[in-house]
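Engineer: Input: one structure, supplied below.
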Amino acid sequence: MDKIWVIMRKEWSEVFKNRFVLFTVAFLPLILVALPLIMLYFTGSSGGDLSGLSGTDMPTRFAELCGGMTESECGQYFLVSQFMLLFMLMPLAIPVTIASYSIVGEKTTHTLEPVLATPVTTLELLAGKALAAAVPGVTVTWIGFVIFEVGAHLIATSPVVLARLTEPLWLLAIFLIGPLLAIASVSVAVMVSSRAHDPRVAEQLSMLVILPLLAVFFGQIAGLFLINEKLIMWMAVALVIIDAGLFAFAIQLFQRETILTRWK
Amino acid sequence: MIQTENLTKRFGDILAVDDLTLELEAGEVFGFLGPNGAGKTTTIRMLTALISPTSGGATVLGWKIGQEDGQIRRRVGILTESPGLYEGLSAERNLAFFARLYEVEDIAQQVERYLRMLGLWDRRAESAGTFSKGMRQKLAIARALLHEPQALFLDEPTSALDPEAAHMVREFIASLKHEGRTIFLCTHNLDEADRLCDRIAVFNTRLLALDTPTALRRQLYERTMVFHLRQVDPRFVERVRSLPFVRTVRSMDDKLLVAVDDPEDNNPTIVRSLVEAGAEIQFVGELRRSLEDIYLKLIKDNEEVGSGNGDRSSG
Ligand SMILES: Nc1ncnc2c1ncn2[C@@H]1O[C@H](COP(=O)(O)OP(=O)(O)O)[C@@H](O)[C@H]1O
Ligand SMILES: [Mg+2]
C-alpha cells in the first residue's frame, strides 16, 4: 500500500509539470462548471424566455420528466441536464491524459526497467499509476459538481429546478458512474500506451473512450432515449462488467516481461 | 553466489541466449564480453528476475530465478542499458523514490551517501534532465547501489559516454571492487573488461571462452615470438618457414614475427637456423597479444561455425 502511494506522489510531481496535462485537468472542469451556471443565470433571471424552446427543440419524451414544472422550468432543467452528461467528460478525459503521459513518458525515458527491477510488484505499480490518473479525474469531477450545486443554489430562482438538481439521478451519475468511467478510461489508456510512442498520440487515441458518452449525449438530445435512474443503474451494471474486462486486459499487458519485451 | 545452468532464452525464432552455464564467485568482478546483439542484456534481465528463461535456470545469491524473484530483486542492483531517470525530478528525488521502492531503512542517509560518493551532492536539487550523460550515468549507478546490493549488474556502463566520463565511471567501478560486492559487468569494450575484471566470459549467444584475462591470452592462442634482426633477408623468412613446428612467419621492418605453440622448446632451433642462415640476432621477445585479437578471433570462429551449420542444414 505504501508503495502505491509513493508511486502516486511521484507520478503527480512528474506529470503535472506538463502543460498539456495541466491544461486538461484545470481547463476542462472550469468550462464544464461555468457553462451550465451561466445558462442557469441567464435563463433563470429572464423568466419565460425559454418557453419557445420547450415545445419545439426539446424532445417530447423529456417532458415526461417535467411533472410539476412550468414550461420554462422544464426547459431550464433540460438544458442543465445536458450538461450533466458533459460533466462525465471529466472522469474520462482527465485520467486518459494523465495515464498517457505517465506511461508513454516512462517508456520513452526507459524508466520502467529500473522500476521493474525493484521489489515493487507489477500490481502495485499498475495500481499506483491507475490511481494517480483516476483520483484527480474523480476528485475534480466531484469538486466541480459541488461548485456547480453551490453556484446553482445561488443563481437559480426556481426551487423546483433546484430540487431536481440534487435528485438521486444526478448523485448516482456523479458518484457512481464517474468513478466507473475513470476506471474504464485508465484501462484503455494503459492498453493504448503499451503500443504508442508519443504521449500525445496515446492521449488522442485513448480519447476515443469518450465516443460512447457522446453517443448517449446526442441520443438524448435527439430524443432516442431518456436518461432516468433506471437507465443510469443499467449503465452502472454495464460499466462494472466493461471495467472488469478492460482492467483484466490491462493487467495482462502490465507484466514485467511484457513491458520489457513487447512494449515497443 | 550466481550460478546458471543451461540458461536459454528465445524471442520467437530468435535465439538470444543459448545454453549458458556459469558460476560466479562471491566478490569477483565478472566480465561478460560480447558484441552488440550477443544477448548480454537478455542475460542480465534473466538474472535480475525481469524476464524468465525459456529453459534452464539460475540461482542468484542462493535464490532461484522464477521462484524467489522478490528476494532476488531486493538484493541485486542493476544499472540498465540506458540510465532511465525521471528527468523532471531532482537527482535527490530520483534516488529517494527508488530508495522507497527498495524499502531502504535510512533513506535520507543512503541518498546523501551515494550522492556524495559520486560527486553529485552539490547538484542534488537540479533536475536530472539538465545533467550531462556522464552525470546521468553516475546518478544511475548511485541508484543501483542505494539498497547496498550484494550483487551488482552493470549493463555497458561506459558505452554511451565520452572518454573522460567513461574513465571516471571505470575508476568508480574499480573502487567498488574493494567493497566485496560481486559485480557482473557486461561490456563490448575489451579494454574495460581487461582492466576491471577478475574473469572474463566471451559470449555471443553461446559461451565461447571463460578465464582470467591473462589466461585467455595465453591459453587460447599460439604464441608469437619476435626476433629483432640487424637486417631482414627473404632467405631468413624461408628458412624459418621450413621448420616443421612453425605456424606462420611474417616480417615487419627489421623484425620476424614467428608463431609457434611451444616457444620454450622451439626457440633454440629457430635461433640456430637463423644464425646458420647468416642472420644477426639483436634480441628475442614475445609479442603480447591484445585481448582484442583473441576476442575478434573467437567471435569470428564462432560466426564461421554458425554459418557452416546453416549451410549444412540448408543443403
Ligand atoms: N524483446 C525482444 N524481442 C525480440 N528479440 C529480442 C528482444 N530483446 C532482444 N532480442 C534479440 O535478442 C538478441 C540479444 O539481444 P540483447 O540481449 O539486447 O543483446 P546485447 O545486450 O548483447 O546487445 C538480439 O538478436 C536481439 O535482437
Ligand atoms: Mg545490451
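Computed from the coordinates by the stated procedures, all read-outs in this text should not be read as laboratory data. Since we're looking at a predicted model, the values are computed, not measured. Because the Cβ atoms are built from the backbone with ideal geometry, glycine has one as well, and the counts that use them run over all protein chains shown.
Engineer: Listing B:253, B:194, B:19 from the residue with the fewest other Cβ atoms within 10 Å to the one with the most, what is the order?
Structural biologist: B:253, B:19, B:194
Engineer: Name the residue, out of B:250, B:136, B:206, whose mean-square fluctuation peaks in a Gaussian network model built on chain B with Cα pairs under 10 Å.
Structural biologist: Maximum fluctuation in the GNM of chain B, among the listed residues, is at B:250.
Engineer: Give me a single rounded figure for A:9-15: the average over its residues of other chain Cβ atoms within 10 Å of their Cβ.
Structural biologist: Mean partner shielding for this stretch: 4.
Engineer: Still on this structure, please answer the following. Stokes-Einstein D for the stretch B:243-294 at 4 °C, 1.567 mPa s, Kirkwood Rh over Cα pairs, in µm²/s?
Structural biologist: 106 µm²/s
Engineer: Let me make sure I get this right: for the stretch B:76-193, a, b and c are the square roots of the gyration tensor eigenvalues over alpha carbons, sorted descending. Under 1.5 in a/c it's rounded, otherwise prolate if a/b > b/c, else oblate. Which is it?
Structural biologist: oblate
Engineer: Over the protein assembly as shown, what number does the Rg to Rh ratio reach, with both radii from the alpha-carbon atoms and Rh per Kirkwood?
Structural biologist: Computed over Cα atoms, the ratio is 1.21.
Engineer: Which value in deg cm²/dmol, rounded to the nearest 500, describes the helix-derived mean residue ellipticity at 222 nm for chain A, given -39,500 (n - 2.57) per DSSP H run of n ≥ 4 and division by the residue count?
Structural biologist: Here the helix-only value at 222 nm equals -25000 deg cm²/dmol.
Engineer: Test of understanding: ordering B:122, B:18 by Cβ neighbours within 10 Å, fewest first, what list do you get?
Structural biologist: B:122, B:18
Engineer: Would you tally the net charge around residue A:172, using a Cβ to Cβ cut-off of less than 12 Å, leaving residue A:172 out, and scoring K and R as +1, D and E as -1?
Structural biologist: -1
Engineer: Need one number: nm distance between label points at residue B:211 and residue A:176, each 7 Å from Cα along Cα→Cβ, rounded to one decimal.
Structural biologist: Going from the residue B:211 label point to the residue A:176 one covers 7.6 nm.
Engineer: For the ranges A:127-138, B:5-16, A:25-36, what's the packing order if you count other beta-carbon atoms within 10 Å of each residue, average per peptide, and put the highest first?
Structural biologist: A:127-138, A:25-36, B:5-16
Engineer: Another question, then. Among A:161, A:115, A:96, which one shows the biggest mean-square fluctuation in a GNM of chain A, springs joining Cα atoms closer than 10 Å?
Structural biologist: Taking springs between Cα atoms under 10 Å, the residue moving most is A:115.
Engineer: Nearest 10 degrees, 0 to 90: what angle lies between the long axis of helix B:91-101 and the longest principal axis of chain B (Cα atoms)?
Structural biologist: The angle comes out near 80 degrees.
Engineer: Another question, if that's okay. Per-residue HN-Hα couplings for the stretch A:147-159, Karplus 6.51 cos²θ - 1.76 cosθ + 1.60 at θ = phi - 60°, whole Hz, x for Gly and Pro?
Structural biologist: Couplings: 4, 4, 4, 4, x, 4, 5, 6, 9, 5, 9, 8, x Hz.
Engineer: Tell me the relative contact order for the stretch B:2-217 as a rounded percent, counting alpha carbon contacts under 8 Å between residues six or more apart.
Structural biologist: This gives 29 percent for the stretch B:2-217.
Engineer: Here is a follow-up. In peptide A:105-116, what is the residue-averaged number of other protein chain Cβ atoms found within 10 Å of each Cβ?
Structural biologist: What the average comes to for A:105-116 is 6.
Engineer: To continue, here is another question. Between residue B:16 and residues 5 or more places away or on another chain, which pairs have amide H atoms under 5 Å apart, with H built 1.01 Å from N, and which residues are they?
Structural biologist: B:9, B:10, B:11
Engineer: Separate question: Expressed as a whole percent, how much of the Cα-Cα distance distribution for the stretch B:2-217 exceeds 31 Å?
Structural biologist: Considering the stretch B:2-217, 18 percent of its Cα-Cα pairs are separated by more than 31 Å.
Engineer: Treat the count of other C-beta atoms within 10 Å as a stand-in for reagent exposure and order A:261, B:205 from fewest to most.
Structural biologist: A:261, B:205
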